[in-house]
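S.K.: Quick one: the structure is below, and I'll ask about it shortly.
The values are calculated or read from the model by the stated rules, or taken from the named source; none is laboratory data. Bear in mind the structure is a predicted one, so any value in this text is a computation, not a measurement. Every residue, glycine among them, receives a Cβ derived from its backbone with ideal geometry; neighbour counts consider all protein chains shown. Side chains included, ligands, DNA and RNA excluded: accessible areas come from the protein's heavy atoms. Shrake-Rupley method; radii C 1.70, N 1.55, O 1.52, S 1.80 Å.
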Amino acid sequence: MSVSNVTATGINRSERITLVRFIGLYSFLVLMILILGSTIYFKLQKDLMLQTKRLELEEYSKELIDGLKLLHIYFDRYRTYPRNPLYRSAIYDADHVQIFSTLKHPEGVQLEKVIYTTDGVIQYIHVLDSYYLGTKYTVVEIDDDRKWFAQAWRNILIYGGFLLVIFLGAGVMLMRLFLSPMRDAIHLLDRFIKDTTHELNTPVSAILSNIEMIETDRLEPKTAKKIKRIEIGARTISTIYQDLTYLALNHNIVSQNSDVDLSALVQERVDYFRILAESKKIGIETDIQPGITLYIDENKMARLVDNLLSNAVKYNRRGGEIFVRLRPGELIVKDSGIGMDEKQIKEVFKRYKRFDSGAGGFGIGLNIVAMIAQEYDLEIEIDSQKGHGSEVAVKWDA
Amino acid sequence: MGRIAVTILLILSPLLSTDINIYEQNCVKCHENMPVSLDKFFFNYLLKYSSERRVKQALRNYLKHPRRKASLATEELVSRYGLMPKTDLSDEDLRKAIDTYWDKYKVFGKIE
């Protein structure tokens, strides 16, 4: 199984994602509230307008009914429908059949309602007690000047916009409030790591340089062996120190890229790890083509190679093998270790994505590899078989 | 539906003069010598029952079972002429008479 294009996630990124999600959710809720509020306001404004118009329409309605009454009584002599230029009207019988109409929009009539707007007109329905000419319903209609409509919209836009600004302001404040404990914790941790790593440097370098000064040939074999063990321990600490420094400081600093002689770098790192590998009786075999260069930050490339080698040693079996191969556009580190099944590889990649849970050496190591790979567009492939070991390939455009 | 039937009836009225005859000969004949004309009764029914369907139904009910309680006529009229006698027309003829009555006095199409 192989997986490629690993992405690393930094603390800033996860913070940003949290922020974006929060803002998204918050704005959505705020908008919903505003829309709901606007709808209610709109409805209220409309009702208010209708209430005002209703008085006027009731008057017209009464006038119409008086006219109908006269018409009913004198229908044998007089048949002119009562009209008024101020309004239009219609009459309907008990079975909702239109008897007569001067309406502009008779198709919009809703006899079961009292007052409503339809198609730019306001219609008012009155139910009669005495059915003059058989009229049970009178409909009185006037034009809707839509002034209230424009007014309502203007208010919604002005006050809605104002509220939106206030809500968003409150949202930003809330967010700061909620995020600040998290941020403080992260900064505290960051500071702690920076401080401790800095203070680790001096003693570790002191140990390493002093060990190098000891002439082991002159020592008793037993003592020489012990010194060697101390050196291995010190080197391990040194690698961990380098990783920590990288995580805590380096990856935020601008990279100092140059054409790095990869062949020399890989060889040097292999030599450095040999002593560690020997302690587990692991042999390192190399196939390094000379003269291969890559435009990269040398320090970062060293971290990447170190972590691959360190994992190959860590997860190897006693007396195993490591094979390092460098070709243009490709670096392969292969081990004869315990290997991983698909589930474990997936797990490894999950850990890449969650910086905070990668507490163990494995996680931090691969996390660094992933971060560097992402920065320089390197492709990483892990090919592993349970019990047979893993092969990690780093690829780039040569 | 009812109105379509009525329209057809109107168009064919010369052919169906027998229908009008039922009304003329039955209702009008008896009502002729009453001070309250049939059109006044009609508008009273319209005032109370509104639509064609309901007016016709009420008329049918009243003509078949005239009761003081259901009558819309004034006290004096009833005391002078007594209640209208229960109609002796068949259901079919009664329907035709009422249709003619409705068509004669209905307001539909007459308002200007």
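S.K.: Using Cα positions and a limit of under 25 Å, work out the lysines in reach of A:K228, with same-chain residues fewer than 8 apart set aside.
M.R.: A:K280, A:K281, A:K314
S.K.: Now a separate question. Check cross-link reach from A:K147 to the lysines: straight Cα distance under 29 Å, and skip same-chain residues fewer than eight apart.
M.R.: A:K43, A:K46, A:K53, A:K62, A:K104, A:K113
S.K.: Report in % the part of the accessible area of region A:15-136 that belongs to carbon and sulfur, leaving out ligands and nucleic acids; probe 1.4 Å.
M.R.: Details: 4310 of 7010 Å².
That share works out to 62 percent.
S.K.: Please state, to two decimals, what the Cα-based radius of gyration of region A:181-321 comes to when divided by 2.2 N^0.38 Å (N = residues). Display every interim value, and only then the final one.
M.R.: Values: Rg = 17.6 Å, N = 141, 2.2 N^0.38 = 14.4 Å.
Its radius of gyration relative to the 2.2 N^0.38 Å reference: 1.22.
S.K.: All other residues with a Cβ under 13 Å from the Cβ of A:R325 taken together, and with Lys, Arg as +1 and Asp, Glu as -1, what is their net charge?
M.R.: Numbers: positive: A:R327, A:K334, A:K395; negative: A:E285, A:D287, A:E321, A:E330, A:D335, A:E391.
Around A:R325, the charge tally is -3.
S.K.: Which far-off residues, 5 or more places away or on another chain, put their amide H under 5 Å from the one on A:K136, with H placed in the peptide plane?
M.R.: A:Y92, A:D93, A:A94
S.K.: Residues with beta-carbon under 14 Å from that of A:L70, excluding A:L70: net charge, scoring Lys, Arg +1 and Asp, Glu -1? Don't skip to the end; give the middle numbers.
M.R.: Details: positive: A:K62, A:K69, A:R77, A:R79, A:R83; negative: A:E63, A:D66, A:D76.
Net local charge, A:L70 excluded: +2.
S.K.: I would also like to ask the following. In units of 2.2 N^0.38 Å, what is the alpha-carbon radius of gyration of region A:14-145? Before the final figure, lay out each step's value.
M.R.: Numbers: Rg = 22.9 Å, N = 132, 2.2 N^0.38 = 14.1 Å.
In units of the 2.2 N^0.38 Å rule of thumb, it is 1.63.
S.K.: Taking a virtual spin label 7 Å from the Cα of B:K110 along the C-beta vector, which residues in region A:77-112 bring their backbone nitrogen under 15 Å of it?
M.R.: Output list for this probe position: A:77-81, A:99-100.
S.K.: Let me ask you something else. Among A:I284, A:I372, A:I122, which one shows the biggest mean-square fluctuation in a GNM of chain A, springs joining Cα atoms closer than 10 Å?
M.R.: Comparing A:I284, A:I372, A:I122 in a Gaussian network model of chain A, the most mobile one is A:I122.
S.K.: Could you tell me what % of all Cα pairs in the protein assembly as shown have separations over 41 Å?
M.R.: Working: 75509 of 129795 pairs.
Value for the protein assembly as shown (Cα pairs over 41 Å): 58 percent.
S.K.: Moving on. Report the full-extension gain for the segment A:E58 to A:D184: residue separation times 0.36 nm, less the Cα-Cα distance, to one decimal in nm.
M.R.: Details: separation 126, 0.36 × 126 = 45.36 nm, distance 6.83 nm.
Extending this stretch completely gives an extra 38.5 nm.
S.K.: By the gyration tensor of its Cα atoms, with a ≥ b ≥ c the square roots of the eigenvalues, what is the shape of region A:254-395: rounded for a/c under 1.5, prolate for a/b over b/c, or oblate? Intermediate results must be reported in sequence, preceding the final value.
M.R.: Details: a/c = 1.69, a/b = 1.12, b/c = 1.51.
Because a/c hits 1.5 or more and a/b fails to exceed b/c, region A:254-395 counts as oblate.
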